[in-house]
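Working notes, beginning with the structure itself.
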Amino acid sequence: MRIGRILGIPIYLHFTFLFVLPFFALIFGYSFTTLYGFNIGFANLAVDDVGKLSLGIIASVIFFASILIHELCHSYVALRNGYKISGITLLIFGGVSEIEEQPGEAKGEAWMAFVGPGSSLVIGVVVSTLYFITKDLTGGVELQALVLMFSLIGFYNILLGLFNLLPAFPMDGGRVLRALLSRRVGFMKATKWSVDIGKMFALGMGIFGVLTLNFILILIAFFLYSGAEGEYQQTKVTTLLTGIKVGEIMTREVSSVTPDETAHELLARMLREKHMGYPVMEGDNVVGMVTFQDVTTVPDERRDATKVRDIMSKNVIHVPPYMEAVDALKVFNDRSIGRLVVMVDGKLIGILSRTDMVRAMDLLAAGIRPTHEPVQRP
Ligand code: ZN
């Protein structure tokens, strides 16, 4: 859900946020802990339930506003470095800035990653100072509420800043570490090292969580571990595929089917030619795509009576040969499909499947450039 636009960047709320905000409001309103001199939570304040709940809601809104500031700082530096940003999303574990993928070494990555937690620390330290100045003042319940608000916001922002500065992927600190390392050992190795540190950190956290039976800690460790691994795979794929165009890695010898073929014939062809999907052609026009999954929806005894035109998907997603392979991969993932039709001026010139993609990456990882000649954008 889009809630507004700051610095020209659209700000979204993820649906999980609708659960986490009331949850935080309840925790803040009805709990009380003392940590490192901070008094956190409004449970002991002499106000009724409406008061506690309202303070809880205000505190969670301010807390998420400070997460938004954290993300805006990332985005601001990203914009200054010439990146495009598709948006900022607030979700269950904080915020995400969707900064466009950057192949190879990201320009200004260290600073871009640092300003987020940096801003959280600045907010945290300023608000905490207000807390320590006001905590011994005597006054009514309004003053006490304000002091507790300073304490909570100050504490959580410092925590947010420190936690994000941990030098472990996928935390911001992991990015800072990678940027610093990559000046010495190169981008891929730096990514690998930072990711490994991130995984070790997540494992340690998970083990500690199991030993202390802290379920939240185990959950966070799990998210960190898979986040680190995902980041590594993503970087590997982006780095390998950078500069490679769809036309270089697609399959050119396309075998196609007609809409009048039966499901039975199609299945026989799939077994024979070992393709799992075909474009459906009527003359020179692509009218659909048909896959193994489509055939399996037809019961055995009806395969002779069913035509390809009845089971094909008519919504054919096509891409030009000069599209970046990385972008094609995004189309695969966004639409969750297995193959793309490659077209020039409405004419089919090839098919790009996930298998083509995997093969190309295997070749590239071995230092071999894929087969076809490079394609220029017309
Ligand atoms: Zn951050």
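Just so it is clear, none of the values below were taken in a lab; they were calculated from the coordinates. Owing to the predicted nature of the structure, the values given are computational and were not obtained by experimental measurement. Note that each Cβ is placed from the backbone with ideal geometry, even for glycine, and that neighbours are counted across all protein chains shown.
For the chain, what is the largest minus smallest coordinate of the Cα atoms on each principal axis, given in angstrom and ordered from greatest to least?
Reported extents, whole Å, longest axis first: 86, 52, 45.
Of the candidates ALA305, ALA325, ALA25, which one comes out as most mobile in a Gaussian network treatment of the chain with C-alpha springs shorter than 10 Å?
Per the Cα network of the chain with a 10 Å cutoff, ALA305 tops the list.
Can you give the Rg to Rh ratio for the stretch 177-242, taking only C-alpha atoms and Rh from Kirkwood?
Working: Rg = 13.9 Å, Rh = 12.6 Å.
Over the Cα atoms of the stretch 177-242, Rg/Rh equals 1.10.
Quick one: angle between helix 17-30 and the longest Cα principal axis of the chain, in degrees between 0 and 90, rounded to 10, please.
20 degrees
Quick one: putting +1 on the C-beta of Lys and Arg, -1 on the C-beta of Asp and Glu, what dipole do you get for the stretch 177-242 around its Cα centre, in Debye to the nearest 20?
In debye, rounded to 20, the stretch 177-242 gives about 340.
Report, in listed order, any pair from LYS314/LYS347; LYS274/LYS307; LYS245/LYS347; LYS236/LYS347; LYS245/LYS307 with a Cα-Cα distance greater than 26 Å.
Violating the 26 Å limit, Cα to Cα: LYS236/LYS347; LYS245/LYS307.
In nm, to one decimal, how far is the modelled label at PHE163 from the one at THR138, with both set 7 Å along Cα→Cβ?
Distance between label points: 3.8 nm.
What length, rounded to one decimal in nm, is gained on full extension from THR34 through to ILE368, with 0.36 nm per residue of separation minus their alpha-carbon distance?
114.3 nm
If each residue of separation counts as 0.36 nm, what is the full-extension length gain between PHE19 and THR258 once their alpha-carbon separation is subtracted?
Taking PHE19 through THR258 to full extension adds about 81.0 nm, to one decimal.
Rounding to the nearest 10 and keeping the result within 0 to 90°, find how far the Cα-based axis of helix 354-365 lies from the longest principal axis of the chain.
It works out to around 70 degrees.
Taking the Cα centroid of the stretch 259-280 and of the stretch 107-160, what is the distance between the two, rounded to the nearest whole Å?
Here the answer is 64 Å between Cα centres.
Can you tell me the FRET efficiency between THR129 and ARG302 if r is taken as the Cβ-Cβ distance and R0 is 45 Å, rounded to the nearest 0.05?
Efficiency, rounded to the nearest 0.05: 0.05.
With r as the distance between the Cβ atoms of VAL358 and LYS314 and R0 = 25 Å, compute the FRET efficiency 1/(1 + (r/R0)^6) and round to 0.05.
On the way: r = 27 Å, r/R0 = 1.09.
About 0.35, to the nearest 0.05.
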